[in-house]
1. Taking the condition of being within 14 Å of ligand 1 (Cβ to nearest atom) and out of contact with any strand residue (DSSP E or B) (no Cβ under 8 Å at 6 or more places or on another chain), how many residues in region 109-127 meet it?
2. Looking at (1) open to solvent by 20 Å² or more (accessible area, probe 1.4 Å); (2) touching a residue at least 60 places away in the same chain (Cβ under 8 Å); (3) closer than 13 Å to S5 by Cβ, which is the one condition that is false for Q113?
3. Do any residues in region 7-21 that are assigned by TED's automatic domain parsing to the domain that holds T124 and over 15 Å from D262 (Cα atoms) have Cβ atoms under 9 Å from those of residues that are more than 8 Å from ligand 1 (Cβ to nearest atom) and of a type in the set (F, W, Y), where the two are at least six apart or on different chains, and which pairs are they?
4. Scan region 227-256 for residues that are more than 18 Å from D161 (Cβ to Cβ) and open to solvent by 20 Å² or more (accessible area, probe 1.4 Å) and report the count.
5. Quick test for you: out of H244, H196, pick the one residue that is assigned to a loop (DSSP other than H, G, I, E, B) and within 16 Å of ligand 1 (Cβ to nearest atom).
6. Let me confirm something: among D208, D179, which residue is open to solvent by 30 Å² or more (accessible area, probe 1.4 Å) and not hydroxyl-bearing (S, T, Y)?
7. Just checking, does region 141-155 include any residue being in a loop (DSSP other than H, G, I, E, B), away from ligand 1 (no atom under 16 Å from the Cβ) and touching a Gly at 6+ places or on another chain (Cβ under 7 Å)?
8. Name the single residue, out of those in region 1-55 being near ligand 1 (Cβ under 8 Å from one of its atoms) and of a type in the set (S, T, Y), that is surrounded by the fewest Cβ atoms within 10 Å (Cβ to Cβ).
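The values are calculated or read from the model by the stated rules, or taken from the named source; none is laboratory data. Everything numeric in this text was worked out from a predicted model, so none of it was measured. Neighbour counts are summed over all protein chains in view; Cβ atoms, including those assigned to glycine, are modelled from backbone coordinates with ideal geometry. Surface accessibility is based on the protein's heavy atoms, side chains included, excluding ligands, DNA and RNA. Shrake-Rupley method; radii C 1.70, N 1.55, O 1.52, S 1.80 Å.
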Amino acid sequence: MRKVSIFGATGSIGQNTIDLIARAPDHYDVVALTGGANIAQLAADARQLHADVAVTAYEDRLSDLCDALEGSGVEAAAGAQALTEAATRPADWVMSAIVGAAGLAPGIEALKQGATLALANKETLVCAGALVLDTAKTHGARLLPVDSEHSAVFQALVGEDMSAVERIIITASGGAFRDWPVSDLAKATVEQASSHPNWDMGQRITIDSASMFNKALEVIETKEFFGLDPQRIEVLVHPESIVHALVGFRDGAVMAHMGAPDMRHAIGYALHWPHRQRLPVERLDLAAIGQLNFQKPDLARYPALRLAWDVMERGGLSGAVFNAAKERALDHFIARRIGFLDMADCVAMVLDRFDAELCLIDAPLTLDNVQQTDHLARQWADDAVHKRAG
Ligand code: NAD
Ligand code: MG
């Protein structure tokens, strides 16, 4: 039996992971499941999978969780500290599917105990790439990508030598506003940004897909995970979301990874790696799809995308600044305090302010520094929003 834990179990990735694990209950011994405010879901899954412990991120929800787990034999815990502690419980395979920078600390703890970390939480590599990779190396832990594009690249690289890779191309559906006139984007509402043409995902990542902040994070994640020069990373808009990524080699060959847009593929690949097991995902019918289209992304439509290369050039803690400012800008957009296009402006302002006021490039990439930077970048994102509103 493999010991597994799922961080962010109640979210979209977490539920898809549970779907796969629940199909083979005899193969898995579930250690920890974590969630947020959806106590009923967390408790129901913890009961069904006989988890050792269930953790909610919210301390004030502990008594609700205890009530919901009464008589089940599942331990209950709450708060950020409890989340990190849950990651120290021995497990062979840990799914990192918390959304946002909150996923970083538990992920690092899981690596420290030598677990295989299935990484859906892209913020982990964006905020602290070198730290995370070093931690994995020191503790003999393995990182496996779960983001569909990175899983696709990882699969296209099986048996290949990184030195033969010329470029990596990740695709983007183009999100909710792909076909809107650019002049209408400033007026786009939260509801309009929250619907995705192809993928069924959490609200935050769906809005980040419409703005391409998600793709910007993924470009940085690509650089960190595969160690590629930023100039060798490209993004292609591909409305059908069938080709997830392409790897170009020095002999001109291009390996493309295709599959139906269903996250259970990438999750299942990471769960069963290095083997391939039968997965309950739709099989591709290319004749029915008929056409696959590709376009260069229009940076006027997706100003957030350009910022990825600024961040990679600045290096150091700028990934943490970028992600934290983006998370706050997104909060403000969801709260209807700023418009859709203001998010990228606000993040650019915070990055520039860090450049002007603090020299962070050479600060060592420690968890403390990342967390302090994250905290300050959130405050400065609030300042930038107030300035705009004022
Ligand atoms: P989601 O919003 O559906 O779920 C997020 C999970 O994290 C929930 O369990 C929630 O309770 C928990 N959570 C939220 N805030 C927390 C906090 N402060 N502390 C602890 N737990 C917290 O998100 P999702 O769509 O499943 O995405 C999860 C991660 O996977 C994100 O990093 C996202 O970018 C990445 N990802 C998602 C998809 C997808 O298809 N949904 C695809 C690729 C990558
Ligand atoms: Mg992705």
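1. Of the residues in region 109-127, 5 are within 14 Å of ligand 1 (Cβ to nearest atom) and out of contact with any strand residue (DSSP E or B) (no Cβ under 8 Å at 6 or more places or on another chain).
2. (2)
3. I21/Y28
4. Number of matching residues: 7.
5. H196
6. On inspection, the qualifying residue turns out to be D179.
7. Yes, region 141-155 contains at least one residue that is in a loop (DSSP other than H, G, I, E, B), away from ligand 1 (no atom under 16 Å from the Cβ) and touching a Gly at 6+ places or on another chain (Cβ under 7 Å).
8. Selected residue: S12.
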